[in-house]
1. Are there any pairs with C-beta distances below 6 angstrom linking a residue in the range 221-239 that is farther than 21 Å from Glu185 by Cβ to a residue that is assigned to a helix (DSSP H, G or I), with the two at least 6 apart or on different chains, and if so which?
2. When residues of the range 72-102 are filtered for being outside any loop (DSSP other than H, G, I, E, B) and either under 21 Å from the mean Cα position of the chain (by Cα) or of a type outside the set (Ser, Thr, Tyr) (or both), how many remain?
3. May I ask you to say which residue of Ala56, Ala103, Ala127 is small (Gly, Ala, Ser) and buried (at least 17 other Cβ atoms within 10 Å of the Cβ)?
4. Would you mind listing the strands (runs of 3 or more DSSP E) fully within the range 103-213 where at least 2 residues are of a type in the set (Val, Ile, Thr)?
5. Filter the range 1-42 for residues that are within 26 Å of Asn118 (Cα to Cα) and either assigned to a strand (DSSP E or B) or aliphatic (A, V, I, L, M) (or both) and give the result.
6. Taking the range 256-273 only, how many residues are farther than 30 Å from Cys142 by Cβ and surrounded by fewer than 21 Cβ atoms within 10 Å (Cβ to Cβ)?
7. Of all residues in the range 214-255, count the ones that are surrounded by 20 or more Cβ atoms within 10 Å (Cβ to Cβ), closer than 19 Å to Asp31 by Cβ and not basic (Lys, Arg).
8. Any idea which residue in the range 274-288 is farthest from the chain's Cα centre (by Cα), counting only those that are surrounded by 14 or more Cβ atoms within 10 Å (Cβ to Cβ) and assigned to a helix (DSSP H, G or I)?
Amino acid sequence: MRSGIGPREELHKSGIECCVDSPGVGQNLEDHVIAFIPYEVSKPGLTTDHLSWHGAAAAKNLADYKRDRSGFLGAMPFGSFAYARLDERLGDSSLWQEARSIASPSRDPMGLSQQQPNIETFHTECAPAGFEPGSGDASIFCTVVELFGPRSAGTVRLASADPNDNPVVDHNYFADPLDLEVLAEAAHFMNEIVMKGAGTATVMKGSFPSDGKHHAFKSREEWKPWLRDHCQTCYHPTGTCKMGKDDDRMAVLDDKCTVRGVQRLRVADTSVMPKIPNGHTQMPAYGVAERCADFMKEGFTTIA
């Protein structure tokens, strides 16, 4: 946008001359919204959060990582991963059923096939800001729920023409109420597993902090306000410079990752994706880069 490529009216607001009127720049922002749901266990030593939060652990971790990339910060911070479809659990949801009635026969209301999961979940001893045990002796872990196939989309806009000013990012999470409906059912589902699963009764103390009540929630309706307060980004932003067909006015790029209306300028990152992948974005980003490199090489002449 600061180069003059973007929505004409948006650029003029910041006093930037519009070189190419491309209304899709900064639109169609999609991200995987997630929530860390913290719990406390009743026995010490069942979790490794003491390695990340307790006492002087944070300072030690930073020193270890700076020295030789070892320690807690140099390791994978997540444990088991699982994926699930929630069709049966959402059978009593009017939102789900109404959306299903108008969805494609081969897709669910989130635009996913029956072979694609609605959610990803994993556990970690890491905790988001506000939940850290700090110097206390609580032993905690978090169950993380992540929404696939979100229906809500946001924007990235300029705050000003000054490159030192951060952009204005609006993820617009839960603009479509079905996103919150599905994520709330995911949280409800995982809470049942954590609190009522085989063998958990002897080790689960309940919610963390101890004055929390989420371990006792009995429906997705109870989860919705909690999720609105605690959800955050999964750092999977996509779509704000999307590829598309020639007749798609919101498509910033053609099918070779070239910016429409500009010669010899391509984009090769997750912003080119018209729809967020049903999974993490790191490997797809590598794929975009490799394919874009192929397109660029097609324009070079090899001299023997």
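Only the coordinates and a few stated rules stand behind these numbers; no lab work does. The structure displayed is predicted, hence computed values, not measured ones. Every residue, glycine as well, gets a Cβ built from its backbone with ideal geometry; the counts of neighbours run over all protein chains shown.
1. Cβ pairs passing all conditions: Thr238/Thr270.
2. Taking the range 72-102 first, the residues outside any loop (DSSP other than H, G, I, E, B) are 72-74, 78-84, 94-102.
Those left that are additionally either under 21 Å from the mean Cα position of the chain (by Cα) or of a type outside the set (Ser, Thr, Tyr) (or both): 72-74, 78-84, 95-100, 102.
Going through the range 72-102 one residue at a time, the tally reaches 17.
3. Working: Ala56 fails: buried (at least 17 other Cβ atoms within 10 Å of the Cβ); Ala103 fails: buried (at least 17 other Cβ atoms within 10 Å of the Cβ).
Going through Ala56, Ala103, Ala127 in turn, the sole match is Ala127.
4. Details: elements: 119-124, 140-147, 155-157, 168-170, 204-207.
Fully inside the range 103-213 and qualifying: 119-124, 140-147, 155-157, 168-170.
5. Across the range 1-42, the qualifying residues are Leu29, Glu30, Val33, Ile34, Ala35, Phe36, Ile37, Pro38, Tyr39.
6. Within the range 256-273, the first condition is being farther than 30 Å from Cys142 by Cβ, and the residues that meet it are 256-268, 272.
Now restrict to residues that are surrounded by fewer than 21 Cβ atoms within 10 Å (Cβ to Cβ): 256, 258-268.
The total comes to 12.
7. Selection size over the range 214-255: 10.
8. Our first condition is that a residue be surrounded by 14 or more Cβ atoms within 10 Å (Cβ to Cβ); within the range 274-288, this holds for 274-281, 284-285, 288.
With the extra rule that they be assigned to a helix (DSSP H, G or I), the set shrinks to 284-285, 288.
Values: Pro284: 14, Ala285: 14, Val288: 19 Å.
Ranking the candidates gives Val288 first.
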